[in-house]
1. Under a straight-distance cross-link criterion of Cα-Cα below 17 Å, which aspartates and glutamates are reachable from Lys57, leaving out those fewer than 8 residues away in the same chain?
2. Give me the net charge for the shell around Ala33: Cβ to Cβ below 14 angstrom, other residues only, Lys and Arg +1, Asp and Glu -1.
3. Between region 236-252 and region 306-344, how far is it from one alpha carbon centroid to the other, in angstrom?
4. Under a Cβ-Cβ cut-off of 11 Å, what is the net charge of the residues other than Ala198 that fall near it, where Lys and Arg count +1 and Asp and Glu count -1?
5. Give me, ordered by chain and number, the residues 5 or more places off Gly318 or on other chains with an amide H under 5 Å from its own placed amide H.
6. Positive end of the dipole of the chain, charges at C-beta (+1 Lys, Arg; -1 Asp, Glu), about the Cα centre: which of Thr187, Ser14, Gln352 has its Cα farthest in that direction?
7. Counting only DSSP beta bridges with both residues in the chain, tell me the antiparallel percent, nearest 5.
8. Quick one: net charge of Val130's neighbours, Cβ under 11 Å, K/R +1, D/E -1?
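The values are calculated or read from the model by the stated rules, or taken from the named source; none is laboratory data. This structure is a prediction, so every number in the text was calculated from the model and none was measured. Note: ideal-geometry Cβ built from the backbone for every residue, glycine included; neighbour counts use all protein chains shown. Side chains included, ligands, DNA and RNA excluded: accessible areas come from the protein's heavy atoms. Shrake-Rupley method; radii C 1.70, N 1.55, O 1.52, S 1.80 Å.
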Amino acid sequence: MSVPVIVVSSESVSAAAKAILLIAASGEPTRTAAVIPERSPQLAKASELRVVRTRPKELRLGEGCSCCTVRGDLLDRIRKLARNGSTERIIVHATPDDDLEVLAKTFTVADRDGAVLDREASLESLVTAVGIDDLDQNRSPRALVERIELATVVLLDGPGAGTDERARAAGIVGALNPDARITWTDTVPDALAVGQAAGDPRFDPDAARQRGALGDVLRGADRRSASGVSQFVFSARRPFHPTRLRDWLGSCPAGILRARGTYWVASQPDVAATLDVAMGDVAIQVQGTWWAAVPAAQHPAGPEWEAYRARVWHPTFGDRRQHITLITSDLDETVMRTALQDCLVTEAEIGQWGARAASPGSPPSTGAESR
């Protein structure tokens, strides 16, 4: 039988230690091993817990591609623990610098002998420990958001926090990851049961990736809560004005928990760009070229292409569009929509950009069809 592995992720060493001890206490500590960073202080009150120290070491398997990069140190240590016969459960402390996707692949990528760690030790749960102050003031907001999105259990810590503060924190975490179980350190003073035995979903990196892409929101799933968290999709056909969009992104409201989507600006009409916001951390990437910028003779053919055209094509702008999903906390949706609308090229400005923004052979247009 495969030994279950639980990963504990936290920016705070003390919070991680607290979570590890709580999890260890839910079973037999003497048959539980904790794999912790070499430089982390010794776990307090962990005399019965077997502690194994490690230094992160990445290893590239297969042809050396990034998709086959694993944690070589964990691969070796966890395999030894799983084989010794005295370990029933393994807890791994992931630091803020750890790449959780690389860590997860360590269990599923075959090593040079063709062996897969998952057959001996499987990644069952990811517990993310979060202090509620981190939700408002955090040095690495994107890392925090991604860890919450990946988690099967989120352990919140808020000593002295009032009812409203706790409800808001739980609402934010629930909006970022509606599948995670949320619990509080003061409600589990002695032990924290996690994993399938506790009814938690099994760790699934693919599902976590989909949560981060906000695909469920686009499909209409409701992440709203009574604590000021809301969701909406901003859609438009006109391009963004480059200067106004830059100014808006530069002062991105702190209440935007997550924003993902595709957009275009009038100054670069051929470029399909992606926007990714995580608690004020803004990332922009070039996704590719809009089909509208490609000569019609080079367009694909077939039912999928025709369905795509029927779904998104605009008589002037082709498939160029703004389509951004937002999850916000304590922000007025109407105000947010208006702010984004104000970043678009106006009726008066559309002529300036029209020749560059129109599909090949299509004249620039004004009025309702360009909205």
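1. By straight Cα distance, Lys57 reaches Glu38, Asp73, Asp76, Asp97, Asp98, Asp99, Glu101, Asp111.
2. Numbers: positive: Arg31, Arg50, Arg53, Arg77, Arg79, Lys80, Arg83, Arg89; negative: Glu28, Glu48, Asp76, Glu88, Glu120.
Residues close to Ala33 contribute a combined charge of +3.
3. With region 236-252 and region 306-344 each reduced to a Cα centre, they are spaced 12 Å.
4. -1
5. Amide H neighbours of Gly318: Ser359.
6. Looking along the dipole axis, the top candidate is Gln352.
7. Values: 33 of 64 bridges.
If I count the DSSP bridges inside the chain, around 50 percent turn out antiparallel.
8. So the environment of Val130 carries a net charge of -3.
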